[in-house]
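The values are calculated or read from the model by the stated rules, or taken from the named source; none is laboratory data. What you are looking at is a predicted structure, and each value in this text was computed from that prediction instead of being measured. Don't worry about glycine lacking a Cβ; one is built from the backbone with ideal geometry, like all the others, and counts go over all protein chains shown.
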Amino acid sequence: MLEVKNISLSFGAVQALHDISFGVDQGEILAIIGPNGAGKSSMLNVINGFYTPDSGTILFKGVSRAKMEPAEVARAGVARTFQNIALFRGMTTLDNIMTGRNTKMSKNFLWQALHFGPARNEELEHRRKAEEIIDFLEIQAIRKTIVSRLPYGLQKRVELGRALAAEPELLLLDEPMAGMNTEEKEDMCRFILDVNDHFGTTIALIEHDMGVVMDISDRVVVLDYGQKIADGSPSEVRADKHVIDAYLGVSGN
Amino acid sequence: MLYRETGQYKSSYAADQQIFPIAQDRYLFWAFMVFACVVPPLFGNDYLFQVILFPVMCLGLCALGLNILTGYAGQISLGTGGFMAIGAYSFFKITTSFPELNILVVFLLAGLISAIFGVLIGIPSLRIKGFYLAVTTLAAQFFVEWCINRIDWLSDYSPSSTIGAPPRELFGILVMGPDAPSWAKYLLMLGIVFVLTLCAKNLVRGRIGRSWMAIRDMDIAAELIGIRPLATKLSAFAIGSFYIGIGGAMYVMFYLENVDPEAFGIFVTSFPVLFMIMIGGLGSILGSYLGAAFIVLMPVFLRNFFPLLQIDIPSHVIQHVEYMLFGGLIIFFLIVEPAGLARLWQIVKEKLRQWPFPY
Ligand SMILES: Nc1ncnc2c1ncn2[C@@H]1O[C@H](COP(=O)(O)OP(=O)(O)OP(=O)(O)O)[C@@H](O)[C@H]1O
Ligand SMILES: [Mg+2]
């Protein structure tokens, strides 16, 4: 469903991505791994339009684009979470998740000002959808809590909720389990697999925990210094010599 | 024990989405509204209207407009006085040109003109943020002041660009001008303020309000989830300026009744209104009015307080005391409670909820 073709990106002298190509198939879970500074986050930023690549194209659902505004990419069905949590800190959990559905709402501001008829129905309709996500992620108790008051693990979960709220076809997760304890990681893995199962969402995720990567991903792409050094099933990648040299060897797995 | 939500189960999302989900809040609000509609018109004297209620309502509406822009959408503005002037002069110009036009329509038009200017001023906000944006809005403020001073047409060629409130009727009752009874002005203002505040509440709890807050809290993330930054910021400028314009028109037509351009100077409008939302609470509708009430009432209080203690302090000293207190309070709120009076009110309610068992 997503084709990344010959993408290169540099920041001044730093070549963050060098001629990267890979594809993501409908319904799969793809893991992008690599040492720190390998260019993984940059890759996601290119995919959702936040960075414009120096060269190369991106094909999403068969439509090619070189440059596209992030807001347009989001409307086309790509949602993501961030390495450093990027929630709207002054808003409640429920409002954060509802904001994820904003692009799906259309009633103009006059209706909204009256909060009556169509606008009210629309709001309630989306509230119902937001509540489904809240149930799904088991965060009912914190729906009216301001997110800046939540612990880190829950914030990560709310951020996933906000991304899910947009009902994306492609979900990009940047280190969804970073900084979590084992139990929280297990929960998060379960949610990711469930999202993939229930909603058929295609997922591309970045993760450092090799155990997690091997368990949940269908395919793994390995980046190192902006180069793609391997691409294949978890077991293939695990056996790959370059990968062992570049990454697994270093992290002592 | 009185303030409990225990047992108030919501069986539908509609019930949970109301403005006051807790029943006691609802009763309190309606009791307050009934009180506001009945008591001042029956028992209020001109001092109450002129010195307290009128400025609180007009400036409260302006503060609400600025709060939409600054508190909800995070766009700092020092141009409040300019937009108040645009609203007031537009109202004056339209109603003197078309005396038959219903004044509610005129208020609406004055607000719309102010909104259009708001959008123009807001265009740079896509590129510039924070301090620099504030300076841009300041430039707008000076530009408007210059215009109303220099373009005589705006004030119908009156000497020193003064405008006044012409006599106008609504539904056969004289509600504007020097001969209109205070209670009539008051009820009309209360109606306008109530309707506009309700609309603002609806806006901030819906899609548009969420996109404002998203831009305020983290504009990059907002953009990445599909919120268009320019459209969102401009809508905040438009709607905020709409409120400020109407507030400014009311400020002149009902409260001051006769003004020259000086009345819209930055130190008598823009800064006080900014202080209102800082003290009242950024991003709170209630806070806008609490802040307005606070800033209007404090000088009144000080002026009556020292004579009451039989201490003879000349009035210019009181004014200095006022300035010092303002400064001190603003610093206090910035450090101790950036969310302002509205947050204190919330804390009181949270405590009440637990009372008498604090744990
Ligand atoms: N906005 C930027 N400006 C300049 N350099 C950048 C920028 N973003 C990333 N880089 C550089 O690009 C390279 C790749 O960074 P990136 O964040 O994509 O790595 P990563 O694989 O996500 O690393 P990590 O595991 O630490 O998250 C790094 O050398 C980084 O310093
Ligand atoms: Mg990264």
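Okay, residues lined up against (1) surrounded by 18 or more Cβ atoms within 10 Å (Cβ to Cβ); (2) assigned to a strand (DSSP E or B):
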{"position": "B:175", "(1), (2)": "yes, yes"}
{"position": "B:179", "(1), (2)": "no, no"}
{"position": "B:185", "(1), (2)": "yes, no"}
{"position": "B:190", "(1), (2)": "no, no"}
{"position": "B:193", "(1), (2)": "yes, no"}
{"position": "B:196", "(1), (2)": "yes, no"}
{"position": "B:208", "(1), (2)": "yes, no"}
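Going residue by residue through the stretch B:299-311, is there one that turns out to be under 22 Å from the mean Cα position of the chain (by Cα) and in contact (Cβ under 8 Å) with a residue 60 or more places away in the chain? So far as the stretch B:299-311 goes, yes, one or more of its residues are under 22 Å from the mean Cα position of the chain (by Cα) and in contact (Cβ under 8 Å) with a residue 60 or more places away in the chain. For the stretch A:8-30, residues that are touching a Ser or Thr at 6+ places or on another chain (Cβ under 7 Å), more than 16 Å from ligand 2 (Cβ to nearest atom) and closer than 13 Å to residue A:56 by Cβ total 3. Checking each residue in the stretch A:53-72 for being within 14 Å of chain B (Cβ to nearest Cβ) and charged (D, E, K, R) picks out A:69, A:72.
So the check is Cβ under 9 Å with 6+ separation or different chains; which pairs have a first residue in the stretch A:31-56 that's more than 11 Å from residue A:67 (Cβ to Cβ) and among the β-branched types (Val, Ile, Thr) and a second one that's assigned to a loop (DSSP other than H, G, I, E, B) and near ligand 1 (Cβ under 8 Å from one of its atoms)? These pairs meet every condition: A:32/A:38; A:33/A:208. I'm checking my understanding of the structure. Among residues of the stretch B:7-22 that are surrounded by fewer than 13 Cβ atoms within 10 Å (Cβ to Cβ) and of a type in the set (Phe, Trp, Tyr), which one is nearest to residue B:246 (Cα to Cα)? Selected residue: B:20.
Close Cβ contacts (under 6 Å, 6 or more residues apart or on different chains) running from residues in the stretch B:95-110 that are under 17 Å from residue B:251 (Cβ atoms) to residues that are not aliphatic (A, V, I, L, M) comprise B:103/B:168; B:106/B:91; B:106/B:95; B:110/B:87; B:110/B:90; B:110/B:91; B:110/B:245. Criterion first (of a type in the set (Lys, Arg), at the interface with another protein chain (Cβ under 9 Å from one of its Cβ atoms) and either within 11 Å of ligand 1 (Cβ to nearest atom) or surrounded by fewer than 22 Cβ atoms within 10 Å (Cβ to Cβ) (or both)) does residue A:75 satisfy it? Yes; evaluated as a whole, the condition is true for this residue. Scanning the stretch A:26-37 for residues that are near ligand 1 (Cβ under 6 Å from one of its atoms) and surrounded by fewer than 24 Cβ atoms within 10 Å (Cβ to Cβ) yields A:36, A:37.
Of A:81, A:99, all but one fail to be within 16 Å of ligand 1 (Cβ to nearest atom), under 18 Å from the mean Cα position of the chain (by Cα) and hydroxyl-bearing (Ser, Thr, Tyr); the exception is A:81.
Within the stretch A:31-65, the set of residues being more than 16 Å from ligand 2 (Cβ to nearest atom) and either in a loop (DSSP other than H, G, I, E, B) or among the hydrophobic types (A, V, I, L, M, F, W, C) (or both) comprises A:49, A:52, A:53, A:54, A:58, A:59, A:60, A:61, A:62, A:63.
Reported count of residues in the stretch A:84-117, each being surrounded by fewer than 17 Cβ atoms within 10 Å (Cβ to Cβ), hydrophobic (A, V, I, L, M, F, W, C) and assigned to a helix (DSSP H, G or I), is 2. Of all positions in the stretch B:183-198, at least one carries a residue that is closer than 30 Å to residue A:127 by Cα, of a type outside the set (A, V, I, L, M) and either within 16 Å of the chain's Cα centre (by Cα) or facing chain A (nearest Cβ under 7 Å) (or both). For the stretch B:207-221, taking the residues that are over 12 Å from residue A:96 (Cβ atoms) and of a type in the set (Lys, Arg), the one that is farthest from the other protein chains (Cβ to nearest Cβ) is identified as B:216.
In the stretch B:23-43, which residue that is modelled with pLDDT under 85 and of a type in the set (A, V, I, L, M) is surrounded by the most Cβ atoms within 10 Å (Cβ to Cβ)? Once the filter is applied, the top-ranked residue is B:36.
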